[in-house]
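Please read the structure below before turning to the comments.
Taken together, the values in this text are just the output of simple stated rules run on the coordinates, not laboratory data. Keep in mind it's a predicted model, so treat the numbers as computed, not measured. Using ideal geometry, Cβ is built from the backbone for each residue, glycine included, and neighbour counts are taken over all protein chains shown.
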Amino acid sequence: MVEAVRSLDDPLSRDRLVHAMTPAGDWLALAARTDKLVAEARRRHDTWPTATCALGRALTGALLLAGLQKGQERVLLELMGNGPLGMVVAEATGTGAVRGYVQQPHVELPRRPDGKIDVGAAVGKGTLWVIKELGLREPYRGAVPLVSGEIAQDLAHYLASSEQRRAAVALGVSLDEEGNVLRAGGLLVEALPGATDASIRAMEARLQAMPTITHQLEEGKKPEELLQSLFADMNLQILSSQPAAFTCSCSRQRLGAGLLSLGEEAIREMIAKDHGAQLVCRFCGRTYEFSEGELRQLLAKLGDAG
């Protein structure tokens, strides 16, 4: 089934995160459409297909985990595996701002025997770190071993091990033959305290029988439709729908502060060798140029602080 072409101003054509809950309050569900933000990440970082799929899954997963928070907190995922991708980093906020990068964007591995992109081998074995800024003095940090490197299973393992949340996570990114992003999105289903053992077993069976997220996205299903097909006879209630986008919070002021943190000796060396500095934001790829005069102004600030 081919999705009908929609206006760019149509809210249903935009990336979104949808929250829903069953009337009995025993199940919480989130679904995300992330086509455009994953495509933007690919463009900014020039990722090859395997790296695009890994980064796209991580970005979508971060958005889903941020959606579990009650406010506008920031959630940062760091997948530190021993595969050729190196570190995969994704950050999302409760407002739907998403950004991230992969350490080695030019990675492309042979497909698995089933024809799927081998994200697990590209990520490898290692650790998943989840860092949350919850408005406290220090951010929360949780870490679990990577159980598959496929990212969705790793996030579900983190939720169970570190937060005692019984949840299933599905993530998908589909590409065309040239590596362009066609569809991207994900689903998170959590059993709340009111869920019975029987209902949990029934949901597990539904999830196993459910077509892959990638297949459903390619059929043109919207986030609401992903949820409604899974909770077909449970009168699921849509609570909210919010936009999501690739958005970076970097700025000249922030990167200038980063230069200050390097200290006087490092800044003087930049002036002597390069007569300026060029800094690139790892999250979005934006380049910031600092002239020799601006570096001398930073030195003056260090002198005033001393």
Quiz item: Any idea what angle helix 49-67 forms with the longest principal axis of the chain, computed on alpha-carbon atoms, 0 to 90 degrees, nearest 10?
Solution: 80
Quiz item: Considering only Leu30, Tyr101, Met80, whose Cα is most displaced toward the positive end of the charge dipole of segment 23-180, charges sitting on Cβ of Lys, Arg (+1) and Asp, Glu (-1)?
Solution: Leu30
Quiz prompt | Amide H contacts under 5 Å for Gly185, placed H, 5+ residues apart | solution = Thr34, Gly172
Quiz item: Which of the listed residues, Gly303, Ile213, His157, is farthest toward the dipole's positive end in the chain, when Lys, Arg count +1 and Asp, Glu count -1 at the beta-carbon?
Solution: Gly303
Quiz item: To the nearest 10 degrees, how steep is helix 264-274 against the longest Cα principal axis of the chain, on a 0 to 90 scale?
Solution: 80
Quiz prompt | Principal-axis tilt of helix 197-209 within the chain, Cα atoms, nearest 10 degrees | solution = 80
Self-check item: Cα-based reach from Lys221 at 14 Å (exclusive), listing aspartates and glutamates while leaving out same-chain residues under 8 positions away
Solution: Glu3, Asp15, Asp35
Exercise. Place the peptides 78-89, 188-199, 160-171 in order of packing, highest mean first, counting for every residue the other Cβ atoms within 10 Å and averaging per peptide.
Key: 78-89, 160-171, 188-199
Exercise. Count the net charge of all other residues whose Cβ sits under 13 Å from the Cβ of Glu292, scoring Lys and Arg as +1 and Asp and Glu as -1.
Key: -1
Self-check item: Unpartnered cysteines - no second Cys beta carbon under 4.7 Å - across the chain
Solution: Cys53
Quiz item: Using 1/(1 + (r/R0)^6) with R0 = 45 angstrom and r between the beta carbons of Lys301 and Glu225, what's the FRET efficiency to the nearest 0.05?
Solution: 0.25
Quiz item: By its C-alpha gyration tensor, with a ≥ b ≥ c as the square roots of the eigenvalues, how is segment 11-246 shaped: rounded for a/c under 1.5, else prolate for a/b larger than b/c, else oblate?
Solution: rounded
Quiz item: How large is ³J(HN,Hα) for each residue in segment 246-261, as worked out from phi by the Karplus curve 6.51 cos²θ - 1.76 cosθ + 1.60 (θ = phi - 60°), to whole Hz, x for Gly and Pro?
Solution: 6, 9, 10, 9, 5, 7, 4, 4, 5, 5, x, 5, x, 4, 4, 5
Quiz item: Out of Gly61, Ser261, Pro223, whose Cα points farthest toward the positive end of the dipole of the chain (charges: +1 Lys, Arg; -1 Asp, Glu; placed on Cβ)?
Solution: Ser261
Self-check item: Efficiency of FRET between Ser148 and Ile238 - r from beta-carbon atoms, R0 45 angstrom, step 0.05
Solution: 0.90
